[in-house]
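**Q** My questions will all concern the structure given below.
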Amino acid sequence: MEPLADSEIERILVVTAHPDDLDFGAGGTIAQWAAKGMSISYYICTNGDQGGVDPSITREEMRAIRQREQRAAGAVFGVTDINFLNYRDGWLEPTIMLRKDIVRAIRTVRPQRMLIQSPERNWDRLGASHPDHLAAGEAAIQAIYPDSGNQFAFEDLLHDEKLEPWQINEAWVFMAEKTDHVVDITDTFDKKLAAIKAHVSQTAHNAELDDRIREWGLRNGEAAGLPAGRYAETFKIVKVS
């Protein structure tokens, strides 16, 4: 499916489960959007405290580390509006409260486009289907429809917080098993890799990281029919309005 032209997009809201999810899944595409002058906001659902491999780091320390790392990764693209909902890592569920928090984010940012994770399990890439990813994706799509544009959903957001209903135009779903849109990220691949490496606590121990990320990108490009040596990211485009 063809998305809206980028010239029609002023604001983009990214909702993911963990710090680093968006950089692994869509960093090259986000870099392109930022370079075109779009305003990009991140809302990260969990605090990230189950991440890392060093047992000497406490979970409270890890929480602070991962949030610093996400801000550093955002700086690679020039993204500074980075928010953390601070749900417990590993325990995320698509609850009414999470849904409300995402509706609040939508009505605050008022984006035309959202980038979210897939709520459907990918049996070919199980690592993409962490339970927190599925929960964040499910809560986000529920917030998109029916809640964010409905004045009677979470009425306190309207009456107490003065957040008017807002309906986005389209959602880009990443980590999906079935995709219908490809972005050639060859020119921004180095930025994607730099953003991923900004998550030092999650990546520094992985000596094969560069090769692995390159392999993913090349495989996507080849499957999409791009010329040899081109990197790509893939998405499912959902039209909303």
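**Q** Kindly state, to the nearest 0.05, the FRET efficiency for ALA223 paired with ASN169, given R0 = 35 Å and r defined as their beta-carbon distance. Provide the component values of the computation, followed by the final result.
**A** Details: r = 27 Å, r/R0 = 0.77.
Once rounded, the FRET efficiency stands at 0.80.
**Q** Still on this structure, I have one more. Once you place label points 7 Å from the Cα toward the Cβ at GLU2 and ASN83, how far apart are they in nm?
**A** About 3.3 nm separates the two model spin labels.
**Q** Shifting gears a bit: Just rank ARG59, ARG99, fewest to most, by other beta-carbon atoms within 10 angstrom.
**A** Details: ARG59 14, ARG99 21.
So the ranking, lowest neighbour count to highest, is ARG59, ARG99.
**Q** While we're here: Given the pairs LYS36/LYS178; LYS162/LYS239; LYS191/LYS239; LYS100/LYS162; LYS36/LYS191, which are separated by over 18 angstrom at their Cα positions? Walk me through the numbers on the way to the answer.
**A** Working: LYS36/LYS178 27 Å; LYS162/LYS239 27 Å; LYS191/LYS239 28 Å; LYS100/LYS162 14 Å; LYS36/LYS191 15 Å.
Listed pairs above 18 Å: LYS36/LYS178; LYS162/LYS239; LYS191/LYS239.
**Q** With r as the distance between the Cβ atoms of ARG214 and ASP54 and R0 = 25 Å, compute the FRET efficiency 1/(1 + (r/R0)^6) and round to 0.05.
**A** For R0 = 25 Å, the calculated efficiency reads 0.45.
**Q** Any idea what the dipole of the chain comes to, in debye rounded to 20, about its Cα centre with Lys/Arg Cβ at +1 and Asp/Glu Cβ at -1? Don't skip to the end; give the middle numbers.
**A** Numbers: 27 positive and 38 negative charges, 38 e Å.
Roughly 180 debye for the chain.
**Q** Looking at LEU163, ALA176, SER129, which one has the Cα that reaches farthest to the positive end of the dipole of the chain (charges on Cβ: Lys, Arg +1; Asp, Glu -1)?
**A** Ranked along the dipole, the leading option is LEU163.
**Q** Next up: How much length, in nm to one decimal, is gained on full extension between ALA72 and ASP180, taken as 0.36 nm per residue of separation minus their Cα-Cα distance? Numbers along the way, then the final one.
**A** Numbers: separation 108, 0.36 × 108 = 38.88 nm, distance 3.09 nm.
Length gained, ALA72 through ASP180: 35.8 nm.
**Q** Using Cβ counts within 10 Å as a stand-in for footprinting exposure, how do LEU163, LEU126 rank, fewest first?
**A** On the way: LEU163 19, LEU126 9.
Starting with the residue having the fewest Cβ neighbours, the order is LEU126, LEU163.
**Q** Now, a different point. Determine the relative contact order of the chain: mean sequence separation of Cα pairs under 8 Å and six or more apart, normalised by residue count, in whole percent. Intermediate values should be presented prior to the final figure.
**A** On the way: 464 pairs, mean separation 61.7, N = 241.
RCO, the chain: 26 percent.
**Q** How large is the convex hull of the Cα atoms of the chain per residue, expressed in Å³ as a whole number? The partial results should precede the final answer.
**A** Values: hull volume 28.4 nm³, N = 241.
Per-residue hull volume (Cα only) is 118 Å³.
**Q** Here is a follow-up. Do the sum for the chain: with -39,500 (n - 2.57) for every DSSP H run of n ≥ 4, divided by all residues, what is the mean residue ellipticity at 222 nm, to the nearest 500 deg cm²/dmol? Each step should come with its number before you reach the end.
**A** Numbers: 8 runs with 93 residues, N = 241.
After summing the helix terms and dividing by residue count, I get -12000 deg cm²/dmol.
**Q** Next question, about the same structure. Local charge sum around TRP166 (other residues, Cβ-Cβ under 11 Å, Lys/Arg +1, Asp/Glu -1)?
**A** On the way: positive: ARG11, ARG104, ARG107, ARG110; negative: ASP147, GLU164.
Overall, the nearby charge balance is +2.
**Q** Most exposed first by the Cβ proxy, i.e. fewest other Cβ within 10 Å, how do THR203, THR234 rank? Walk me through the numbers on the way to the answer.
**A** Values: THR203 18, THR234 22.
Final ranking by Cβ density, sparse to dense: THR203, THR234.
**Q** So if I take the centroid of the Cα atoms in the range 35-66 and the same for the range 177-196, what is the distance between those two points in Å?
**A** 20 Å
**Q** Also, quick follow-up: For the range 143-192, which chymotrypsin sites (Phe, Trp or Tyr not before Pro) are in a loop by DSSP, counting at most 11 other Cβ atoms within 10 Å? Each step should come with its number before you reach the end.
**A** On the way: sites: PHE152, PHE154, TRP166, TRP172, PHE174, PHE189; in loops: PHE152, PHE154, TRP166.
Passing sites in the range 143-192 are PHE152.
Every read-out reported here was derived from the displayed coordinates using simple, explicitly stated rules and does not represent laboratory data. From a predicted model like this one, the values you see are computed outputs, not experimental measurements. Note: ideal-geometry Cβ built from the backbone for every residue, glycine included; neighbour counts use all protein chains shown.
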